[in-house]
Amino acid sequence: MTRYRAALLALFTMVALSPTTAATADEGPEQIVNGTFDAGTAPWWGTGNVTLAVNEGRLCADIPGGTVNPWDVIIGQNDIQLVAGDTYAYGFGASTTPAKVGRALVQLPVDPYTQYLSAAPELSVSGNDYSYTFTAPVSLPNAQVAFQLGGSAEPWRFCLDDVSLKGGAEPEVYEPDTGPRVRVNMVGYLPTGPKKATVVTTATTALDWELKNAGKQTVARGKTTPRGVDASSGQNTHTLDFGSYRKQGKGYTLTADGETSRPFDIAADLYDVLPIDALKFYYTQRSGIEILDSLRPGYARPAGHVGVAPNQGDVSVPCQPGVCDYSLNVKGGWYDAGDHGKYVVNGGISVYQLMATYERDKAAFKDRQLNIPESGNGKPDILDEARWEQEFLLSMQVPEGKPFAGMAHHKIHDQNWTGLPLLPHLDPQLRELHPTSTAATLNLAATAAQAARLFAPYDAEFAARNLKAARKAWVAAKANPARYADPNDGIGGGAYNDNDVSDEFYWAAAELFITTGEKEFKDFVLASPHHTGDIWRDRGFDWGNTAQLGRLDLATVPNALPDRARVRQSVLEGAEKYLAIQKAHPYGLAYNPPDFDWGSNNLVLNNLVVLATAYDLTGQEKYQAAVREGMDYLLGRNALNQSYVTGYGEVASKNQHSRWYSHQLDPALPNPPKGSLAGGPNSSIQDPLAQRLLQGCKPQFCYIDDIESWSTNELTINWNSPLAWVSAFLADKSERSDCQVRYSAHGSGTFTGQVAIENTGKATVDGWSLRWSFLGGQRIRDGWGATLSQSGSVVTAKSSGKIKPGRSVTFGFAATNTSGPNPAPEVFHLNGDRCK
Ligand code: 9MR
């Protein structure tokens, strides 16, 4: 804080805008947050053309020249409470180089921007203090203090300090409504899964708990376990475990310490619909296509960015000035989040995770599941949805003959940030391609290689196009290994900058190797530090940390890597780490850094992906239990006692930051669709609303379900993708199937195989069909003990025989393997259900 003592006298010469004495108002409470800039620049904001910084205790900014209107450059603070009839004293200190006349306003933050105070301070180089009084004509929860500084031909510098607005009522202190102190997964629990809850209490010794059914009868009871103060919430906690109760039913509640939890179910089909909803999310994120009411009632909107005014994109999008001399048709894809930007790095991990969800359990994903325009085309809807994005990623590749051919442009988005709400087809901003980056190019290489193998059975042309693009991207990335996205390129869209792309290289090489089996990629994978290093960060993987994607695929997707057993073992090491974090956490969170990251919910989920993969690799119950318990946090067992998935649980996020699901701002618009994940607690609270309301928050409390809180409450394509992956794992009916398969193969070139199916269940299997995929190009030639057929990579063995409980049947085959590795299939389905 500094003062402009030299000009103290000026204070008495300022114009008082109302006859009321400043002294009366001066006694009122302070309404401005951080008017001294002792706590940095937050929650002050500036228009996109100014950068706010604290300099010697003052807020200073270089004001650009060449603007026309005063409001072309603004520095302000929002959400100031005014009380009608109350008189306010408003003051600040300011200096400029050179001298200027500014505009100081207290106003309505939206059209018609009614001004309650409007002054034109003469700003000087030596600095002055300014003060005014005014009487508020209306009561308002969200008035705006604004300094309008535009309209100058020449650039100049503005410094501000000691902004104060005194008067009115005590500013509201935000207290989240956290409901009953017994915290449960409000959706419910799986009958055979863990069932834990967290109690917030001052008690330090064990408490009694009771489980009641919907009829209020007590069906189980026990004692809590005191867990002490939880660092992520600052709360004293106990946990309680009712896992031995397994009876299915609706409307259970838990009571402890005189508090009764919100109701929940115990049901085997608890997660059957969540993966579908999580995947349906992508259709309404689509750019370049009309969203049909018949497919998503209440969500219809015209196609966004198809070159129809007022849109300026995306059919022929130029580069930013000086970046390239061509335009690209980059229509389509998904909007990244609540903005209209489309970013290759983030699109990459999102589409990867959709394809990985499919690749993990192909039989679970079918045509007509997602109610999308492609439903009914005979292909799994999840692949159709993934293709919508993959086609966009392909379109971002620099064409032959141009500089950086084969590289991918990092992103395409608006020239300037737009306000909310704004439906995609109404966005009037110029759209621009930003420079190519190595990270984007490797995201393209990885996902295109993955798409090549997954689309092969459905569309050979698309598969081939992807493989070609992947190879080109790989060569281009190797030739340009350090073209990094500019961290300052964040106007009108996110920067998505990342200066370490060694992990993207590893991921791309892994996907290319799995798909092609080629030596170049194998050698690259084996030599990469990410192949053997401890990549299992406490904070989880995400768009900027992608080595884990390569490692997980090398462990789970059949391939002939020489050290594959070690790779698989390494996933278990990661899982053990997350298991230990979860065990120590009174909310059962497998994520617990001292500060929570932007989009923490997706990191929570990605740690669960590692745990789930460990279960897929070993079948060990502890890993499955950890995934199930981990999901409890997202659905209500947390400090805020709320679900972060729209439409799931009695109290759930519904106001995520989005320009088209802006119901909170315009009742005519919808809330986000059921199954939309909110980013979740973010300790850094970068947006002004969170900065105003959540200052000093403990990690779990750094969240607010308000559309303005873009740093804690956005929705994105890369956050819903792990939700789809994990919920598909939870919905997996494989544990309901009772078979175990042993597969062995001998020889190369022409080889023979033997398959034994054991009925591990209690009922006789009367007639059977066993299905698997040959992913190394193997072809069945002959079979015995069953009738074998093959379509593409999918092999089916059929028999009309019986398999009694506890008994096995064995059959064999001869097959050819013309080139490369001969990976053993690892996933088998008996009569449609996945075997263990
Ligand atoms: O998810 C991104 C997060 O990891 C970064 O820390 C943050 C700041 O760069 O940006 C987040 O991504 C946002 C992107 O920049 C623009 N679209 C919305 C994304 C989610 O908030």
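The values are calculated or read from the model by the stated rules, or taken from the named source; none is laboratory data. Just so it is clear, the structure is predicted and the values come from calculations on it, not from any experiment. Quick reminder, even Gly has a Cβ in these numbers, built from the backbone with ideal geometry, and neighbours come from all protein chains shown. Only protein heavy atoms, including side chains, enter the accessible area calculation; ligands, DNA and RNA are left aside. Shrake-Rupley method; radii C 1.70, N 1.55, O 1.52, S 1.80 Å.
The HN-Hα couplings worked out from phi for region 199-214 by the Karplus form 6.51 cos²θ - 1.76 cosθ + 1.60 (θ = phi - 60°) are 10, 9, 7, 8, 4, 10, 10, 3, 10, 7, 10, 9, 9, 10, 7, 4 Hz, whole numbers, x standing for Gly and Pro.
Here the accessible area of region 321-396 is 46 percent carbon and sulfur, with a 1.4 angstrom probe and all protein chains present. Grab every C-alpha pair in region 274-731, bin the distances at 10 angstrom width from 0 up to the longest one, and report whole percents. Here the calculated profile for region 274-731 is 4, 22, 33, 28, 11, 1. Computed over region 182-266, the range of Cα coordinates on each principal axis works out to 33, 22, 20 Å, biggest value leading. Multiplying the residue separation of residue 368 and residue 750 by 0.36 nm and removing their Cα-Cα distance gives an extension gain of 133.7 nm. What is the set of long-range amide H partners of residue 239 at a cut-off below 5 Å, with H atoms built 1.01 Å from backbone N? Under 5 Å from the amide H of residue 239 lie the amide H atoms of 199, 225, 227, each far enough along the sequence or on another chain. For the chain, what does the relative contact order come out to in percent, with C-alpha contacts under 8 Å and a separation of six or more? Relative CO of the chain lands at 10 percent. Backbone amide hydrogens, once placed in the peptide plane, bring residue 319 within less than 5 Å of 324, 326, 433, excluding anything fewer than 5 places away on its chain. The peptide list 502-508, 129-135, put in order of mean Cβ contacts within 10 Å with the highest first, becomes 502-508, 129-135. With each label modelled as a point 7 angstrom along the Cα→C-beta vector, the residue 206-residue 293 pair spans 6.0 nm. The alpha-carbon positions of region 371-513 define a convex hull whose volume is 132 Å³ per residue. 3J(HN,Hα) couplings calculated from phi for region 578-587 with the Karplus curve 6.51 cos²θ - 1.76 cosθ + 1.60 (θ = phi - 60°) are, in sequence order, 5, 4, 5, 5, 5, 4, 7, 9, x, 9 Hz; Gly and Pro show x. Based on protein heavy atoms only, region 736-835 ends up with 50 Å² per residue of surface accessible to a 1.4 Å probe. The accessible surface of region 182-266, taken with every protein chain in place and a 1.4 Å probe, is 49 percent carbon and sulfur. With only Cα atoms counted, region 242-295 has Rg and Dmax values of 18.4, 54 Å.
How large is log10 of I(q)/I(0) for region 494-620 at q = 0.09, 0.11, 0.19 Å⁻¹ when the intensity is taken from the Debye formula with one equal scatterer per alpha-carbon? Debye intensities relative to I(0), on a log10 scale: -0.26, -0.39, -1.05.
Expressed as a whole percent, the proportion of Cα-Cα pairs in the chain lying more than 56 Å apart is 15%.
Applying D = kT/(6 pi eta Rh) to region 620-716, where Rh is the Kirkwood radius over alpha-carbon pairs, T corresponds to 20 °C and eta to 1.002 mPa s, the Stokes-Einstein value obtained is 154 µm²/s.
With a Förster radius of 30 Å applied to the C-beta separation of residue 665 and residue 101, the computed FRET efficiency comes to 0.35.
Pairs of Cα atoms nearer than 8 Å and 6+ residues apart set the relative contact order; for region 182-266 it is 39 percent. Each of residue 580 and residue 138 was given a label point 7 Å from its Cα along the Cα-to-Cβ line. The distance between the two points is 5.8 nm. Mean projected area of the convex hull spanned by the Cα atoms of region 221-354, taken over all viewing directions: 14.7 nm². How many nm separate the modelled label positions at residue 781 and residue 415, each set 7 Å beyond the Cα in the direction of the Cβ? Spacing of the two 7 Å Cα→Cβ label points: 6.6 nm. Fraction of C-alpha pairs exceeding 22 angstrom in region 24-166: 34 percent, rounded to a whole number. Protection proxy ranking of 140-149, 206-215, by the mean of other Cβ atoms within 10 Å over each peptide's residues and highest first, is 140-149, 206-215. Packing order of peptides 701-708, 494-501, highest average first: 701-708, 494-501 (average count of other Cβ atoms within 10 Å over each peptide's residues). One way to sum up the overall shape of region 736-835 is the equivalent ellipsoid from its Cα gyration tensor, whose semi-axes run 24, 13, 11 Å, largest first.
Probing with 1.4 Å while keeping every protein chain in the model, the per residue accessible area of region 274-731 equals 30 Å².
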